[in-house]
Amino acid sequence: MLNRELTEKTEAFLKQKFDAGIYFNEHPDAKAYRIEHTYRVANIGREIAEKEGFDETETVIACLLHDVSYCEEFGEEGWQEHGRRAACIARPFLAELGLAPDRIEDICYGIAIHVDDKADFDGERTPFALTVGDADNIDRFDVYRIHEGLSCDNFLGMDFEQKRQYCQKRLARLRELMDMPMGTKTAEELWRSRLSFYVTFYEKLVSQLERSERVFG
């Protein structure tokens, strides 16, 4: 059962932090994207929590706060550190929510390790903690990201051979990622489902490219 009071307080805290961010004030599109991504991750996390028997409220709170450090200006190592910085920012707020100390530690550890599987404090890689990073990674392969990736890589500006090579590289990488370990069975199923959709998309795109280039004998 989701505790709406606690999750709404968390949403308000997150938005307050983002509203105060200098970079986000100068780049409202980036703020909008980060909020949308955060909500998607929270919803994926909740789905995992429901099926795995985790506390839904704690899972959603952890996912809502996983990128809260984007309120800060990143230095050269900023992106690599943003999970650990997010945990640092989240910790006093979680205490204000009245969560038990052991639950705060589990939530913060999950937030801290979600980027590179490293934290700057001791913790346990529990299935709950791993769910934060799992939900984040699963969202990296949503439908919109296909459009975003093709646009950013200027796919339409490539010739046929460049497009074919691009798709083949994507397919090879997707197949490598298919068996990446997740913290729970539910996350594994969601992960493989997302990647399978991507594989199907790029396989069909390769087929379309081939049919656009010549007539088969």
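Does Phe13 fit the bill of being in contact with a Lys or Arg (Cβ under 8 Å, 6 or more places away or on another chain) and assigned to a helix (DSSP H, G or I)?
When the stated conditions are applied, Phe13 does not pass them.
Being surrounded by 18 or more Cβ atoms within 10 Å (Cβ to Cβ), modelled with pLDDT of 95 or more and at negative phi is the requirement here; does His82 meet it?
The answer is no for His82.
Of (1) touching a Lys or Arg at 6+ places or on another chain (Cβ under 6 Å); (2) farther than 24 Å from His37 by Cα, Asp139 satisfies all except one. Which?
Here Asp139 clears every test but (2).
For Glu76, state whether it is at pLDDT below 95 and either in contact with a Leu (Cβ under 8 Å, 6 or more places away or on another chain) or assigned to a loop (DSSP other than H, G, I, E, B) (or both).
yes
Go through (1) assigned to a helix (DSSP H, G or I); (2) in contact with a helix residue (DSSP H, G or I) (Cβ under 8 Å, 6 or more places away or on another chain) one by one and return the number of the condition Asp29 breaks.
(2)
What are the residues in region 16-73 that are farther than 21 Å from Ala129 by Cβ and charged (D, E, K, R), if any?
Lys17, Asp19, Glu26, Asp29, Lys31, Arg34, Glu36, Glu72, Glu73
Do you know which residues across region 48-67 are farther than 13 Å from Asp136 by Cα and part of a helix (DSSP H, G or I)?
Those that are farther than 13 Å from Asp136 by Cα and part of a helix (DSSP H, G or I): Ala49, Glu50, Lys51, Glu52, Glu56, Thr57, Glu58, Ile61.
The values are calculated or read from the model by the stated rules, or taken from the named source; none is laboratory data. Everything numeric here is computed off the predicted structure, so don't read it as measured data. No Cβ is skipped: glycine too gets one built from the backbone with ideal geometry, and neighbour counts run over all protein chains shown.
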